Every structure is written in C-alpha cells, then in structure tokens.
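See below for the structure under consideration.
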C-alpha cells in the first residue's frame with residue numbers, strides 16, 4: 001500500500017524555508033553575514049536546542065527538526081554545488097599555474113597540521129592512533145564557509161585568496177586517503193597491505209573517467225540540449241552533470257564535491273560556462289543555506305556547558321596551531337607576509353570534513369565517542385568565527401595588493417589565456433547577438449583592435465564563432481545575471497544586434513538599469529521600435545528601415561554624379577535629424593522619457 005502523505009512529512013522542509021526567508025533578509029539588514037544566521041538557526045531548531053524542552057513544552061515539537069540525519073544528507077549537496085561553481089571559475093591552465101600552491105602549500109598544511117594537532121591530542125592523553133585521527137580531522141578547514149566569504153569580499157582571486165583556495169583544494173583531495181587510513185587503523189593491526197594500497201586505484205580510475213567522459217561528451221551533450229531551446233531541459237542537463245560526476249566520484253571512494261569540482265573545471269572551457277552559472281546559482285545558494293543549518297543542528301551545546309574549559313581550550317588551541325603553521329608555511333614559500341596572514345586566519349578554523357572523518361573514526365572505534373563529540377563541538381565553534389577572521393584577513397591582505405591568477409607565474413611560464421581565467425577581463429565591448437549583424441560588428445571592432453565578447457542564444461552560431469577563434473558564449477542575455485557574468489560591470493559599451501524586438505528591449509533595460517553611464521547601441525526594426533529603445537535608455541538606436549533608405553539614397557546620388565563629399569555630409573545630416581526626432585520626449589512615452597532623463601541627470 002502506498003505511503004499516505006501527511007503534513008508532518010514536510011515539517012522540516014517548511015521550517016527550513018521559513019528560516020531561509022527570515023534569516024537572510026534580517027542578517028543582511030543588520031549587515032551581518034547570513035552564514036552566522038543559518039548556523040544559529042540550526043542550533044535553535046535542532047534537538048540540542050529547542051528540542052531539549054519538548055518534554056516541558058510539547059508545542060515546541062512543531063518548531064524543531066525531527067530528522068537531522070536526512071537534512072544532513074541533502075545538505076551535503078550544498079558543498080557539491082559550491083565546488084562545481086568554483087570549478088567554473090577555473091581551467092586546466094589555471095590549475096597548472098596553481099600546482100605549487102596546491103601540492104606544495106596544501107600538502108605541507110595538511111601533513112604539518114595533522115602532526116602538530118595529533119601531538120597535541122597525545123599530550124592530552126589520547127593514544128597515538130586516536131590522536132592521529134583527531135589531528136587529521138581538525139587539519140581540514142571549511143570550504144563551504146571560507147569560499148563564499150572570500151567571494152563575497154572579492155578576495156577569491158587575491159594572493160591570499162588564491163593560497164587559501166589551493167590549500168582547500170588539496171584538503172578535498174586528501175579526504176579519501178585519510179578515510180582509507182582510518183579504515184586500516186580500525187582493523188586493529190595498524191599494518192598496510194597491498195590490498196589497502198589498491199583501494200586508491202578506484203579513486204584514480206574514477207577521476208580519470210570523469211575527465212575522459214567530460215572531455216569527449218560534455219560539450220556535445222550541452223550543444224544538443226541547447227539546440228532544443230528548452231530552459232527546463234538545459235537546467236536538467238546541468239543538474240545531471242553535477243550529480244552524475246559527484247556520484248561517480250563517491251563510488252570511487254572520493255567526495256562528491258571533488259567530482260563536481262572536476263566537472264566544473266571541464267565546463268569552464270566551454271561556451272556554456274556563463275549560462276550554466278546562472279542556472280545553478282539558485283540551487284547552490286539554497287543548498288548551502290541548508291548545509292549551514294545542518295551544521296548548527298549537530299552542535300550539542302550541553303557539552304559546552306558541562307565542560308566549558310575543555311571545549312574552549314580545544315577551540316583556541318586549534319585556531320592558534322593552525323594559524324601559526326599556515327603563516328609559517330606561507331612565509332617559507334615566499335607567499336608574502338600579508339597574504340600568509342590572510343590565508344592563516346581563514347584556514348585556522350575547523351571544517352565540515354571533520355564531521356565525516358570523526359564519524360568514521362568513531363564508527364571504527366578509533367576515537368572514543370565522547371572525545372569525538374567534544375572535538376566536533378570545538379571545531380564547530382571555530383567555524384562560527386570564519387567570517388570575522390576573513391574580514392580581518394581581508395583588511396590585512398588589501399594593504400598588500402591583489403595579485404591575480406592571470407599574472408605571469410613566478411616560474412616564468414606563460415599566464416593563462418584571458419578567456420580561460422575566472423571573471424571576464426575589463427574594458428571589453430559586449431556584442432549581444434552573433435548573427436549576420438553581430439558578426440559584422442565584431443569584425444569592425446576587431447579591425448580597430450578593440451576587445452569584445454559576444455552572447456548568442458543559437459548554439460550553432462556560438463559553435464561557428466568559437467571555431468573561428470572568437471570568444472562567444474551561449475545564453476539568454478536578457479537576464480541581468482548573465483550580463484554581469486560576461487563583464488557588464490566593466491564593459492566599455494554594449495551593442496544589441498538581436499532581431500527580436502522584445503528581447504532587444506529587455507537587454508537595453510537590464511543593461512541601463514545596472515550601468516547608467518554605459519554606452520548602449522541597439523538595432524531597431526523601425527522608427528517606432530527605435531523610439532521605444534531610446535525610452536528604455538539606449539544611447540543610440542539604429543532603425544533598419546531608415547538605414548536602408550539612407551544607404552539607397554547614398555548609392556543613387558553617387559551613381560548620378562553628385563560629389564561624394566556632399567553626399568556623405570547630407571546623409572549624416574539626415575541621420576542626425578532622424579535621431580533627434582526619434583529621441584524627442586513626445587516620440588513615444590514622453591512622460592516616462594522625461595522621467596528617465598531626469599534620473600540620468
């Protein structure tokens with residue numbers, strides 16, 4: 001008999017949605033990081049918060065989470081989607097330039113902090129095996145909190161942000177070997193056998209499979225879906241890529257987040273990059289919020305009340321040891337004092353993978369459960385401090401400049417190509433629409449050595465442009481989010497060449513609303529459409545019918561012997577007359593036009 005659905009089945013979901021609707025606006029209004037709000041909400045709604053008082057006040061059952069384990073499983077997708085979005089900002093070339101930081105600083109941080117924290121645990125009375133597991137768990141930092149905080153403060157591409165991300169990336173790579181080691185230690189003999197080493201083979205094969213399939217099939221699949229011109233199918237394809245790569249990675253013994261990250265890196269080099277970003281951003285934000293709530297739910301404050309000295313001592317010791325070691329390692333690798341300090345502060349706290357590692361360690365009886373719970377509470381408390389530590393680190397790092405990934409690497413290699421590095425370069429012209437008109441506009445811009453990129457909705461035109469070496473992206477440019485990801489904030493001008501009047505109007509309105517100072521030139525179908533574009537904020541609107549008439553007039557005048565100079569002067573004069581007429585307040589929507597002019601002034 002099928003399960004009968006009751007309102008209670010959706011209580012946890014409704015609680016989360018209500019929390020998201022209240023916490024995010026409230027904390028933004030208070031100018032506080034919403035991450036802190038979601039963590040605190042999790043503490044309050046969890047079994048260790050209001051859930052403790054259900055026996056006294058049964059009505060509290062309606063405002064507490066019943067199934068924290070189920071929420072935690074879904075919340076893990078928040079980190080998966082986050083790593084995928086980070087991958088979209090990178091490329092294989094960029095990762096190659098970061099290899100010294102990833103495998104140098106990252107490896108040194110994981111090994112050094114694991115040993116140092118493990119020795120600290122031994123000094124507190126833990127046996128060597130338990131101390132090693134605790135040290136490895138606490139050595140890992142929080143990707144889910146650190147990266148959004150860095151992105152919010154625009155520090156992800158700074159020298160300190162680059163070092164922080166490199167270390168976090170290596171930590172994700174290290175999770176699988178750590179878990180395998182704990183499994184071996186949990187067997188009791190503590191010895192490695194060949195079969196244990198062979199356990200790493202599926203991980204390597206899984207990553208290799210993701211890369212191979214991604215290289216061969218990813219672009220053709222998205223191209224096929226894009227040709228269908230279905231928003232829903234394109235979104236479904238994006239979700240399939242993320243979850244599919246994550247599942248392959250998980251089945252290989254790695255984290256789902258790492259598989260999604262590799263998929264993002266593969267997509268970063270395609271023309272679908274920005275459209276995918278726009279489609280996935282809402283999922284990432286919602287699932288990350290759920291992830292932070294789930295972390296708060298796991299925090300057992302009774303341990304803090306029962307043993308405040310132990311819990312706070314572990315938290316302070318963790319911050320001091322990790323910050324000191326990361327700073328020393330960064331300075332040793334000539335990262336710079338200020339960049340090293342920024343990375344040290346952000347990486348000092350514990351991370352979400354501490355829950356994964358310690359849960360496995362407690363399950364394998366490597367770490368006593370009471371000790372593991374105390375360590376987890378301490379690590380979670382430090383995670384609350386990451387936004388404040390990041391703010392302090394950003395203040396220190398800004399004084400030292402913001403070296404970007406695209407700069408020449410210290411080993412003398414070539415910098416990454418501009419179209420394959422994170423955000424789009426500044427000062428470009430955005431060409432919206434790459435049909436016959438857009439191609440001519442791009443050609444003329446190129447002849448004058450002006451940088452440009454184009455956005456086109458037709459996948460076949462995008463493919464043709466890419467084949468000719470131009471930077472063309474697939475997507476719907478009427479959405480402000482896509483324009484922003486294509487560099488609208490720093491664009492020199494926007495040229496709208498689309499032949500669909502409604503779409504052209506939407507692009508002009510979106511671009512003008514975001515950039516009142518921007519030069520916007522738009523293609524118009526006729527005089528009435530041109531007047532409408534002027535009303536929406538176009539700097540210049542070019543009606544096809546009028547321009548065709550002017551060109552015909554120019555040709556006939558020259559052919560019958562009128563001097564070229566007089567013809568050109570008269571054509572320009574007539575064009576200016578048309579522009580003045582179309583741009584008059586009473587041409588179309590006079591009242592709204594006057595309001596817009598007053599606003600722009």
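Readers should treat all values here as calculations from the given coordinates under stated rules, not as data from a laboratory. Predicted model only: the values in this text are computed from it and were never measured. As a convention, Cβ positions derive from the backbone with ideal geometry for all residues, glycine included, and neighbour counts pool all protein chains shown.
Between the Cα long axis of helix 159-185 and the first principal axis of the chain there is an angle of about 40°, rounded to the nearest 10.
With the Cα gyration tensor of the range 253-404 giving a ≥ b ≥ c as the square roots of its eigenvalues, does the rule (a/c under 1.5 for rounded; else a/b larger than b/c for prolate; else oblate) give rounded, prolate or oblate? Judged from the Cα gyration tensor, the range 253-404 comes out oblate (a/c at least 1.5, b/c at or above a/b). Listed from fewest to most Cβ neighbours within 10 Å, the set 448, 572 follows the order 448, 572. Measuring from label point to label point, each 7 Å out along Cα→Cβ, what is the residue 32 to residue 74 span in nm? Spacing of the two 7 Å Cα→Cβ label points: 2.5 nm. With the helix formula -39500 (n - 2.57) applied to DSSP H stretches of n ≥ 4, the chain reaches a computed 222 nm mean residue ellipticity of -21000 deg cm²/dmol.
Treating r as the C-beta distance of residue 286 and residue 395 and R0 as 25 Å, the FRET efficiency rounds to 0.25. Each peptide in 468-481, 210-223 was scored by the mean count of other Cβ atoms within 10 Å over its residues; highest first, the order is 468-481, 210-223. Full extension of the chain between residue 464 and residue 240 gives 78.0 nm of extra length, using 0.36 nm per residue less the Cα-Cα distance.
Taking 0.36 nm per residue of separation and subtracting the Cα-Cα distance, full extension of the segment from residue 67 to residue 560 would add 168.9 nm. Across the range 421-600, the relative contact order, built from alpha-carbon pairs under 8 Å that are at least six residues apart, equals 17 percent. Based on Cα contacts under 8 Å between residues 6+ apart, the range 428-479 shows a relative contact order of 36 percent. Looking at the square roots a ≥ b ≥ c of the eigenvalues of the Cα gyration tensor of the range 421-600, which shape do they give, rounded for a/c under 1.5, prolate if a/b is larger than b/c, or oblate? Oblate.
Normalised by the number of residues in the chain, the mean separation of alpha-carbon contacts (under 8 Å, six or more apart) gives a relative contact order of 16 percent.
Quick check on the range 420-500: take the gyration tensor over C-alpha atoms, sort the square-rooted eigenvalues as a ≥ b ≥ c, and tell me if it's rounded (a/c under 1.5), prolate or oblate. It is rounded, given that a/c, with a ≥ b ≥ c, falls under 1.5. Extension gain for the segment residue 205 to residue 231, taken as residue separation times 0.36 nm less the Cα-Cα distance, is 6.0 nm to one decimal.
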